[in-house]
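Here's the structure, in structure tokens; my notes come after.
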Amino acid sequence: MDWGKVRFFLGEVLTNFTRNAPMQITAIGTVSVTIVLLGAFLYVRETVASFGAGVLDRIEIKVYMNPDADRKTEDAVRAVLASDPRVLEAVFVDKKAGLRKMRDLLRKELDTSLLTSNPLPDAFNVRVRKPEDVPIVAQHVQRVAGIATVEYAAGTVTKLLNLANVFGRIGVVMIALLLLTAAIIIANTIRLTVFARRREIAIMQLVGATNAYIRGPFIMEGLVAGLAGAAIALGILALADTQVAKVAATIQFVPLHVNEGMLALELLGVGAAVGFVSSWLSVGRYLRS
Amino acid sequence: MARREKTFHAVAARASGDARFFSEAGTYDRDVRLITLRGVTLTYPNGTRAVEDLDLEIDKGAFVFLVGHSGTGKSSLLKLMYREAVPSAGTVIVDGVRVDTLKRSKIPQLRRSVGVVFQDFKLLTHKTVWENVAFALQVTGAATRDVMRQVPRALDLVGLSHKSRMFPGELSGGEQQRTAIARALVNNPKILLCDEPTGNLDPSNTTEIMELLQRINLKGTTVVVATHNVAVVDRMRRRVVRLENGRIVTDEERGFYHRGLGQSQVLSG
């Protein structure tokens, strides 16, 4: 390892930074803001996705029989459900079992001994393989005679998830635009540094430095700006994360399955990539002209 | 063509009494020629014709003055030699390399065998003398060991070892130009191209720089100097190539600045 070379290279990078510090700060700030938004977006999206998936997987279709339905109707429903490949399982819950279940559920909140008769009908609890099949299966079962109602909660959930999807797409576009802005600002910063150092570059070219060598410090500059921006953003996100975690702890049913280490690496990668690509293009254009 | 060239040079060699032109077999030795321009025309994008159908040959170890009014193509001619300019027509060969068709990626290699010095020194003001000279080596990726060995040598050659820690702003014009020369030479180039090297200097500094260039030439480096300093050219009595409107009008082996004063006129046009 030739430390003299390393020191010279780092010296050149440092010179680049000090040459136009205000612009550098702007570039780093833009990257930070972009990455904070990107990070928050990815965090929320992943949370919604895992939350939605968890809920959707547990959606059941409840098929309530008429109170006067006989064994035949019950068998007919059973046959329809058994022959349907979309159905994962169908459990028959008769009146008594249903009441027991309800008693268990409501034990603490309600005095169930007040119930003197059983108001519940016989029912099937049906689970399907794919959440999007819920409405189809529900319609299908409804056609069997002797069924009172078919209920499922999927409608609301799918609507919510669709909404989240739309927002997600808007988010992707916005983040893409922000990343582009950050890239342009870094590219401009590098261009200003290149301009400030054009004498040095001219001399480098004169004495036979290769373009790759001339590019080096500038690309390092872009890379460092991108990484610094991402690092600041990660700091902000980590701070926000502890606050969110405090709130989330009070809401029990929200599962937080976000791989934070992975997310942090991804964000650093995005910062570095933005810095690298934009500086590469910026210096490249100067050297080619 | 080859035959004609041979006799042509034989005549030229005899005229200048130079035996180096011949190898032992008595034929012309290609190895002595370092720079060859043949039928070179350079037209800038704005339509200015800087150099027109020009032929020029410079041998290894030569000391050549390019003279003429400003705007006659002296600088352009030098630029063609270090590939700062690409000819619109003709061929440029430097040290056996076709410069006019040289790939962009090969330019750095050429530049390392050609040192260039300018009127305005082109030093980096925030770097010391040492750093300015070392810079030329460092940006070519030279090992620190080589930098530590070569820089003192170059500074010693130009007599600036004792000022290596000073900044260009603290030096006289002559010292700044010597720094620039040290930077041009630190790569051990075969050719030193000087574009008006004394244009910004007073007479005593001018003499100093010209003596330095002469010493460098004696060590074997080919030196080409574009100048319109009459006194310098007349005192040195070296080969003088005179340009007018992008063409060579006279080429004298031991010439004066002004046309027709030379004794042996060779290679005209």
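Readers should treat all values here as calculations from the given coordinates under stated rules, not as data from a laboratory. What you see is a predicted model; the values in this text were computed from it and never measured. Heads up, the Cβs are rebuilt from the backbone with ideal geometry, glycines too, and the neighbour counts pull from every protein chain shown.
Between A:Leu14 and A:Arg58, 0.36 nm times their residue separation minus their Cα-Cα distance comes to what?
Working: separation 44, 0.36 × 44 = 15.84 nm, distance 5.69 nm.
Roughly 10.2 nm would be gained on extension.
List the chymotrypsin sites (Phe, Trp or Tyr not before Pro) in region A:167-271 that DSSP assigns to loop (not H, G, I, E or B) and whose Cβ has at most 15 other Cβ atoms within 10 Å. Which are they? Could you put the intermediate results ahead of the total?
Values: sites: A:Phe167, A:Phe195, A:Tyr213, A:Phe218, A:Phe253; in loops: A:Phe253.
Taking region A:167-271 and a limit of 15 other Cβ atoms within 10 Å, the loop chymotrypsin sites (Phe, Trp or Tyr not before Pro) found are A:Phe253.
Take every residue in peptide A:207-219, count the Cβ atoms of other chains within 10 Å of its Cβ, and give the average of those counts.
Average neighbour count from other chains, rounded to a whole number: 5.
Rounded to the nearest 500, what is the 222 nm mean residue ellipticity of the protein assembly as shown from helices alone, with -39500 (n - 2.57) per DSSP H run of 4+ residues and division by all residues? Let's see the in-between values first.
Working: 17 runs with 299 residues, N = 558.
Calculated from helices alone, the mean residue ellipticity at 222 nm is -18000 deg cm²/dmol.
Figure the gain on full extension for A:Leu287 and A:Asp68 (residue separation times 0.36 nm, minus the Cα-Cα span) and round it to one decimal in nm. Before the final figure, lay out the partial values.
Values: separation 219, 0.36 × 219 = 78.84 nm, distance 8.69 nm.
That pair, A:Leu287 and A:Asp68, stretches by 70.2 nm at full extension.
Hey, got the dipole for region B:87-177? About the Cα centre, +1 on K and R Cβ, -1 on D and E Cβ, debye to the nearest 20? Each step should come with its number before you reach the end.
Values: 13 positive and 8 negative charges, 83 e Å.
Using Cβ point charges on Lys, Arg, Asp and Glu, region B:87-177 gives about 400 debye.
Which value in nm describes the separation of the simple spin-label points at B:Glu211 and A:Thr116, placed 7 Å from the Cα toward the beta carbon?
Computed distance between label sites B:Glu211 and A:Thr116 equals 13.1 nm.
I'd like to compare B:108-116, A:271-279, B:85-93, A:116-124: which one has the highest average count of other Cβ atoms within 10 Å, and what's the full order after that?
Working: B:108-116: 21.4, A:271-279: 24.1, B:85-93: 17.4, A:116-124: 15.3.
Result, highest mean first: A:271-279, B:108-116, B:85-93, A:116-124.
Looking at A:Val63, A:Thr47, B:His69, which one has the Cα that reaches farthest to the positive end of the dipole of the protein assembly as shown (charges on Cβ: Lys, Arg +1; Asp, Glu -1)?
B:His69
Antiparallel versus total DSSP beta bridges in the protein assembly as shown: what percent is that, nearest 5? Display every interim value, and only then the final one.
Working: 35 of 53 bridges.
Roughly 65 percent of the DSSP beta bridges within the protein assembly as shown come out antiparallel.
Given an 8 Å cut-off on Cα distances and at least 6 residues of separation, report the relative contact order of region B:76-218 as a percent. If you can, show how the numbers build up before the last one.
On the way: 174 pairs, mean separation 42.0, N = 143.
Taking the mean separation of contacting Cα pairs over the length of region B:76-218, I get 29 percent.
Running a GNM on chain A with Cα contacts under 10 Å, which residue among A:Val63, A:Val77, A:Val207 ends up with the highest mean-square fluctuation?
A:Val207
Net charge within 9 Å of B:Ala143 by Cβ-Cβ distance, Lys/Arg positive one each and Asp/Glu negative one each, not counting B:Ala143 itself?
Working: positive: A:Lys5, B:Arg145; negative: A:Asp2, B:Asp146.
Counting the neighbours of B:Ala143, the net charge comes to 0.
Work out the length of the dipole vector of the protein assembly as shown about its Cα centre, built from +1 on the beta-carbon of each Lys and Arg and -1 on the beta-carbon of each Asp and Glu, and round it to the nearest 20 debye.
Numbers: 70 positive and 53 negative charges, 214 e Å.
For the protein assembly as shown, the charge dipole is close to 1020 debye.
Please compute the net charge surrounding A:Gly168, taking Lys and Arg as +1 and Asp and Glu as -1 over other residues with Cβ under 13 Å from its Cβ. Write out the running numbers ahead of the final one.
Values: positive: A:Arg45, A:Arg169; negative: A:Glu46.
Charge balance in the 13 Å sphere: +1.
Compute, for region A:1-95, the length of the dipole vector about the Cα centre, with Cβ point charges of +1 (Lys, Arg) and -1 (Asp, Glu) only. Units Debye, rounded to 20. Intermediate values should be presented prior to the final figure.
Working: 11 positive and 12 negative charges, 114 e Å.
Roughly 540 debye for region A:1-95.
Mind checking the mean number of beta-carbon atoms from other chains within 10 Å of the Cβ atoms in B:130-140?
Numbers: counts 0, 2, 1, 0, 2, 7, 6, 3, 11, 15, 6.
Average neighbour count from other chains, rounded to a whole number: 5.
To the nearest 0.05, what FRET efficiency results for B:Ser105 and A:Arg127 with a Förster distance of 45 Å applied to their C-beta separation? Please list the in-between numbers first.
Working: r = 66 Å, r/R0 = 1.46.
Computed FRET efficiency for B:Ser105 and A:Arg127 comes out at 0.10.
For A:Leu265 and A:Asn188, what does the FRET efficiency come to when R0 = 22 Å and r is the distance between their Cβ atoms, rounded to the nearest 0.05? Spell out each step's value before the answer.
Values: r = 28 Å, r/R0 = 1.25.
The pair A:Leu265/A:Asn188 has a calculated efficiency of 0.20.
Can you compute the modelled spin-label distance between A:Asn165 and B:His258, with each label point 7 Å from Cα toward Cβ, in nm?
9.3 nm
How far is it, in nm, from the label point at B:Ser204 to the one at A:Ala153 when both lie 7 Å from their Cα along the line to the Cβ?
9.9 nm
Rounded, prolate or oblate: which fits region B:138-240, taking a ≥ b ≥ c as square roots of the Cα gyration tensor eigenvalues, rounded meaning a/c under 1.5, else prolate when a/b beats b/c?
On the way: a/c = 2.28, a/b = 1.47, b/c = 1.56.
Oblate is the answer for region B:138-240, as a/c is 1.5 or above yet b/c matches or exceeds a/b.
Report, as an integer, the average count of C-beta atoms from other chains found within 10 Å of each Cβ along B:180-187.
Values: counts 1, 0, 0, 3, 2, 0, 1, 2.
That average works out to 1.
Relative to the longest principal axis of chain A, what angle (0 to 90°, nearest 10) does the C-alpha long axis of helix A:21-57 take?
The angle comes out near 20 degrees.
Which of the trypsin sites (Lys or Arg not before Pro) across region A:158-197 are loop residues per DSSP, with 11 or fewer other Cβ within 10 Å? If you can, show how the numbers build up before the last one.
On the way: sites: A:Lys159, A:Arg169, A:Arg191, A:Arg197; in loops: A:Arg197.
Those that pass, being in a loop and sparsely packed, number zero.
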